[in-house]
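Undergrad: After the structure tokens below, expect a handful of questions from me.
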Amino acid sequence: MSTDVPADRPDRFVSVERTGGERTKILDRPELAIQCWAQSSVEAAELADMLVDVVLPRVYELADLGAFSINSIYNYPLDETQPRYQITADAVVHTAVRRSK
């Protein structure tokens, strides 16, 4: 996963970016856009499904994470030539715990 989209793109990859959310001294509540890029919209949808079913449930293994929810999954092509699907999600991260380590 990456926050940047490489100029020389692999066939399939995932980018993650923070699109908003509140941050205090105790909690960080990021709103996330998780974009699944592939050679076809079917492959992008399959990659998004795999992330939702297999990868994202593992975020609960992170010690600082208080909550995580997936809000939506939808077709979000960059243009006519670049298929992608987007997952929007919210998280709650305990920033005070992270600072004390």
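The values are calculated or read from the model by the stated rules, or taken from the named source; none is laboratory data. All values derive from a computational prediction rather than experimental measurement. For neighbour counting, all protein chains shown are included, and Cβ atoms are generated from backbone atoms with ideal geometry for every residue, glycine included.
Undergrad: Of all residues in the stretch 17-52 being part of a loop (DSSP other than H, G, I, E, B) and in contact with a helix residue (DSSP H, G or I) (Cβ under 8 Å, 6 or more places away or on another chain), which is surrounded by the most Cβ atoms within 10 Å (Cβ to Cβ)?
TA: Filtering first and then ranking leaves A38.
Undergrad: What is the number of the single condition among (1) over 18 Å from E17 (Cα atoms); (2) modelled with pLDDT of 95 or more that P83 does not meet?
TA: Every condition holds for P83 apart from (1).
Undergrad: Going by what's in this entry, would V55 be described as outside any strand (DSSP E or B), aliphatic (A, V, I, L, M) and within 12 Å of the chain's Cα centre (by Cα)?
TA: So V55 fits the description; yes.
Undergrad: Take the stretch 58-92 and flag every residue that is in contact (Cβ under 8 Å) with a residue 40 or more places away in the chain, basic (K, R) and not in a strand (DSSP E or B).
TA: The answer is none; no residue qualifies.
Undergrad: Report whether or not R58 is over 16 Å from T95 (Cα atoms) and either among the acidic types (D, E) or surrounded by fewer than 10 Cβ atoms within 10 Å (Cβ to Cβ) (or both).
TA: Answer is yes for this residue.
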